[in-house]
Amino acid sequence: GAVVSQHPSWVICKSGTSVKIECRSLDFQATTMFWYRQFPKQSLMLMATSNEGSKATYEQGVEKDKFLINHASLTLSTLTVTSAHPEDSSFYICSARDRGKSTDTQYFGPGTRLTVL
Amino acid sequence: AQRVTQPEKLLSVFKGAPVELKCNYSYSGSPELFWYVQYSRQRLQLLLRHISRESIKGFTADLNKGETSFHLKKPFAQEEDSAMYYCALTGGADGLTFGKGTHLIIQP
């Protein structure tokens with residue numbers, strides 16, 4: 001149980017285009033999902049917290065107009081990287097908190113590797 | 001500001017030897033501490049959390065509030081323990097703050 005999927009697993013796009021990444025909780029409902037970013041050989045950095053039915057909360061230094069987050073249902077959150085540039089190339093990882101459990105365990109997706117040319 | 005420090009980027013030990021991966025944290029309040037593990041080509045997965053006080057795959061970690069530490073230990077390392085280990089904390093409903101990770105290599 002507690003599986004989180006991400007789609008696509010990797011994407012290559014041209015500079016200036018927008019890319020949408022999906023995060024789904026497959027066998028549980030997630031009122032809260034989180035988006036992280038990981039640069040090569042570095043740790044995961046929290047970008048934003050996505051709550052179902054409300055606006056996302058962004059960490060300091062993360063541009064909300066650049067990284068659009070939509071959490072339209074209890075099993076789906078999307079991250080759209082708008083007008084992507086090469087410096088946005090990174091590994092984007094989502095996690096989801098199981099609504100049905102009292103603990104704060106986050107279950108992680110496999111990540112999406114974005115390369116902007 | 002909250003912070004998690006893992007001083008060792010790489011730790012190499014022989015099979016059967018004891019393992020200790022260090023983690024220190026900075027947080028104003030009562031955080032929840034976790035250890036996550038990432039095996040080669042796999043996603044990040046929870047190894048253990050301090051409130052559970054359980055042993056997973058032979059690993060244990062004790063929260064020491066006085067030293068603000070949450071070191072991960074295993075008495076006898078196994079080759080399948082080779083992986084990337086991340087210490088992380090949260091204040092509750094928030095996202096996780098991760099350390100930079102320690103790459104553990106178990107030599108045969």
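The values are calculated or read from the model by the stated rules, or taken from the named source; none is laboratory data. Given the structure is predicted, the values throughout are model-derived calculations rather than measurements. Heads up, the Cβs are rebuilt from the backbone with ideal geometry, glycines too, and the neighbour counts pull from every protein chain shown. Just the protein is used for accessible areas: all its heavy atoms, side chains included, with ligands, DNA and RNA removed. Shrake-Rupley method; radii C 1.70, N 1.55, O 1.52, S 1.80 Å.
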Checking A:Val116 against (1) within 14 Å of another protein chain (Cβ to nearest Cβ); (2) buried (at least 16 other Cβ atoms within 10 Å of the Cβ); (3) modelled with pLDDT of 95 or more: exactly one of these is not met. Which one? (1)
Check every one of the strands (runs of 3 or more DSSP E) wholly within region A:3-112 and list those with 3 or more residues that are open to solvent by less than 20 Å² (accessible area, probe 1.4 Å). A:19-25, A:32-38, A:44-51, A:76-81, A:90-97
I'm checking my understanding of the structure. Among residues of region A:40-78 that are of a type in the set (Asp, Glu) and within 14 Å of chain B (Cβ to nearest Cβ), which one is nearest to A:Val4 (Cα to Cα)? A:Glu52
Which members of region A:1-37 meet the condition of being within 11 Å of the chain's Cα centre (by Cα) and not β-branched (Val, Ile, Thr)? A:Ser5, A:Gln6, A:His7, A:Lys20, A:Glu22, A:Cys23, A:Arg24, A:Met33, A:Phe34, A:Trp35, A:Tyr36, A:Arg37
Among B:Phe59, B:Phe76, which is away from every other protein chain (no Cβ under 14 Å) and either surrounded by 12 or more Cβ atoms within 10 Å (Cβ to Cβ) or of a type in the set (Lys, Arg) (or both)? B:Phe59
So for region B:53-60 (the condition being in contact with a Phe, Trp or Tyr (Cβ under 6 Å, 6 or more places away or on another chain), closer than 26 Å to A:Tyr107 by Cβ, in a strand (DSSP E or B) and touching a residue at least 24 places away in the same chain (Cβ under 8 Å)), does at least one residue qualify? no
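Okay, residues lined up against (1) under 23 Å from A:Gln60 (Cβ atoms); (2) of a type in the set (Gly, Ala, Ser):
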position: B:Glu20; (1), (2): no, no
position: B:Ser52; (1), (2): no, yes
position: B:Ile56; (1), (2): no, no
position: B:Lys65; (1), (2): no, no
position: B:Gln78; (1), (2): no, no
position: B:Ala88; (1), (2): yes, yes
position: B:Gly95; (1), (2): yes, yes
position: B:Lys100; (1), (2): yes, no
position: B:His103; (1), (2): no, no
When you look at B:Glu67, is it among the charged types (D, E, K, R), modelled with pLDDT of 90 or more and either under 29 Å from A:Thr112 (Cα atoms) or open to solvent by less than 70 Å² (accessible area, probe 1.4 Å) (or both), yes or no? no
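The rows are residues; the columns are (1) more than 12 Å from chain A (Cβ to nearest Cβ); (2) in contact with a strand residue (DSSP E or B) (Cβ under 8 Å, 6 or more places away or on another chain); (3) open to solvent by less than 60 Å² (accessible area, probe 1.4 Å); (4) of a type in the set (D, E, K, R).
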| residue | (1), (2), (3), (4) |
| --- | --- |
| B:Pro7 | yes, yes, no, no |
| B:Val19 | yes, yes, yes, no |
| B:Asn24 | yes, yes, yes, no |
| B:Val37 | no, yes, yes, no |
| B:Leu47 | no, yes, yes, no |
| B:Cys87 | no, yes, yes, no |
| B:Thr90 | no, yes, yes, no |
| B:Asp94 | no, yes, no, yes |
